[in-house]
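For reference, the structure I am asking about is given below.
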Amino acid sequence: QDLARALGVSKSTVHARLKEKEIKRHSNSIKSYLTPANKKARVEFAMSMLDRRKPHQPTFIDMYNIVHIDEKWFYRTNKVQKFYLAAGEHEPERTAKSKNFIEKVMFLCATARPRYDDDGNMTFDGKIGIWPFTFQEEAKRDSPNRLKGTLITKAMTSVTRDVIRIFMLTKVLPAIKAKWPLEDMGKTIFIQQDNAKTHIPIDDPQFCQVAQSDGFDIRLMCQPPNSPDCNVLDLGFFAALQAAFQKEFPDSIDDIVTKVSKGAYDDYPPDRANRVFLTLQSCLREILRDKGGQHYKILHMRKATLERLGVLPRTLSFDQEILQQAIDSLS
């Protein structure tokens, strides 16, 4: 109606133009502001992911030695949620004490790229782990649901750098060492994190001491500032977990933890995670093409179809001209 009024035509005319695709609907998402320094860092990061053994054909590395980590809030329910109901089916009744304070839990997730042998059989699912930021304390008084002194689970409301360090030392690093493929024990493993102030520095002494023990060489690295498109968790992994989790309708903090960790995360197909790593490479290619910018569209590769045909590429390559233009933008 607003568009018809602005164009000075009838609504039926606008509707006809929409059907003829002379006018199209477009959902626009706001993105982080990038400074020239941010764009330069994005180009340098994308170039750091190139396979140096192929100078004449720019190709990305397989990224098998990179573990992506990030945090995400999972809410017990959303204020507004869509349902599909059969004819005569009653609408769901959802309640909360306050719509502005719905129970939520933050999780730390770590994932690597799945691996397959020459016959296409998965040898490593890439799932390092997902851990809730929760704690337990005794109930201070009786209630209709439990007695005084009963241990109850509560979500941490503030996650500081010290908390992140503890989780890295006691959960992330032991999980990597326990699950990492034996054939790559001697190779350097990188943990990629964003630039949040709560994350530990890459030269944190306590982290380095534990990361370099037991015959492992594990190091921290940071993705470019204001660049969620450089992390597979933000690109698609978290969205898939959220979509699966919303179908479970948890009713408590413990239920949120169970249905995220034992439900959505454990049931997430590793094949889809492998495709997200290819999407990441597509983003890095477009970052180089856009000289560090972020206003680009990811080209559809039909990855699911290529996977069924057994021809899904392990890495993506692109024209030398794109790389040269990105290099020129750095000067």
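Can you list the residues, at least 5 places off or on another chain, whose amide H is less than 5 Å from the amide H of Tyr116, using H built in the peptide plane?
Those qualifying (amide H under 5 Å, at least 5 residues apart or on another chain) are Thr123.
Now for a separate question. Structure shown: which of Lys39/Lys104; Lys187/Lys262; Lys179/Lys262; Lys179/Lys297 lie over 26 Å apart, alpha-carbon to alpha-carbon?
Lys39/Lys104; Lys187/Lys262; Lys179/Lys297, as the Cα separations exceed 26 Å there.
Could you name the aspartates and glutamates whose alpha carbon sits less than 19 Å from that of Lys19, not counting residues in the same chain fewer than 8 places away?
Asp2
Given a 1.4 Å probe, how much area per residue of the chain is accessible, in Å²?
Normalised by residue count, the accessible surface of the chain is 60 Å².
Taking the C-alpha atoms of the stretch 157-310, how large are the radius of gyration and the largest Cα-Cα span, Dmax, in Å?
For the stretch 157-310, the Cα radius of gyration and maximum Cα-Cα distance read 17.8, 48 Å.
Each residue of the stretch 210-225 in order: what ³J(HN,Hα) in whole Hz does its phi give by Karplus 6.51 cos²θ - 1.76 cosθ + 1.60, θ = phi - 60°, with x for Gly and Pro?
Taking θ as phi minus 60°, the curve returns 6, 5, 9, 9, 6, x, 9, 10, 10, 10, 8, 9, 10, 6, x, x Hz for the stretch 210-225.
Something else now. ³J(HN,Hα) across the stretch 147-154 via Karplus (A = 6.51, B = -1.76, C = 1.60, θ = phi - 60°), whole Hz, x for Gly/Pro?
Couplings: 8, 4, x, 5, 6, 10, 8, 10 Hz.
Still on this structure: Show me 234-243, 307-316 ranked by packing, highest mean number of other Cβ atoms within 10 Å first.
Top to bottom by mean Cβ count within 10 Å: 234-243, 307-316.
Now, a different point. Given a cut-off of under 8 Å on Cα pairs at least six residues apart, what relative contact order in percent is computed for the chain?
In percent, rounded to a whole number, it is 22.
Relative contact order for the stretch 1-147: what percent, with Cα pairs under 8 Å and sequence separation of 6 or more?
Computed over the stretch 1-147, the figure is 16 percent.
Which residue, Pro114, Ala87, Phe74, has the largest displacement toward the positive end of the dipole of the stretch 74-122 when charges sit on each Cβ (Lys, Arg +1; Asp, Glu -1)?
The residue sitting most towards the positive pole is Phe74.
Spin-label point model (7 Å from Cα, Cβ direction): what's the Ala239 to Val311 distance in nm?
The modelled label-to-label distance comes out at 2.7 nm.
Computed from the coordinates I sent, Cα extents along the principal axes in Å equals one of [x] 72, 71, 44; [y] 85, 50, 31; [z] 58, 52, 46. Tell me the label.
The value computed from this structure is option [x].
In a shell of Cβ-Cβ distance under 14 Å around Ile256, excluding Ile256 itself, what net charge do Lys and Arg (+1) and Asp and Glu (-1) give?
Charge balance near Ile256 sits at +2.
Over the stretch 104-202, what percent of the accessible surface lies on carbon and sulfur atoms, probe 1.4 Å?
52 percent
Can you list residues whose amide H is under 5 Å from Leu220's amide H, if they're 5+ apart or on another chain and H is modeled 1.01 Å from N?
Distant-sequence amide H within range of Leu220: Ile191.
When the Karplus curve 6.51 cos²θ - 1.76 cosθ + 1.60 is applied with θ = phi - 60°, which whole-Hz ³J(HN,Hα) does each residue of the stretch 87-100 get, with x for Gly and Pro?
Taking θ as phi minus 60°, the curve returns 4, x, 6, 6, 5, x, 9, 10, 9, 8, 4, 8, 5, 8 Hz for the stretch 87-100.
Further question on the same structure: For the chain, what does the helix formula give at 222 nm: sum of -39500 (n - 2.57) over DSSP H segments with n ≥ 4, over the residue count, nearest 500 deg cm²/dmol?
Taken over the chain, the calculation gives -8500 deg cm²/dmol.
The values are calculated or read from the model by the stated rules, or taken from the named source; none is laboratory data. These numbers come from a predicted model, not from an experiment. Every residue, glycine as well, gets a Cβ built from its backbone with ideal geometry; the counts of neighbours run over all protein chains shown. Each accessible area value is taken on the protein alone, full model and side chains, heavy atoms only, with ligands, DNA and RNA left out. Shrake-Rupley method; radii C 1.70, N 1.55, O 1.52, S 1.80 Å.
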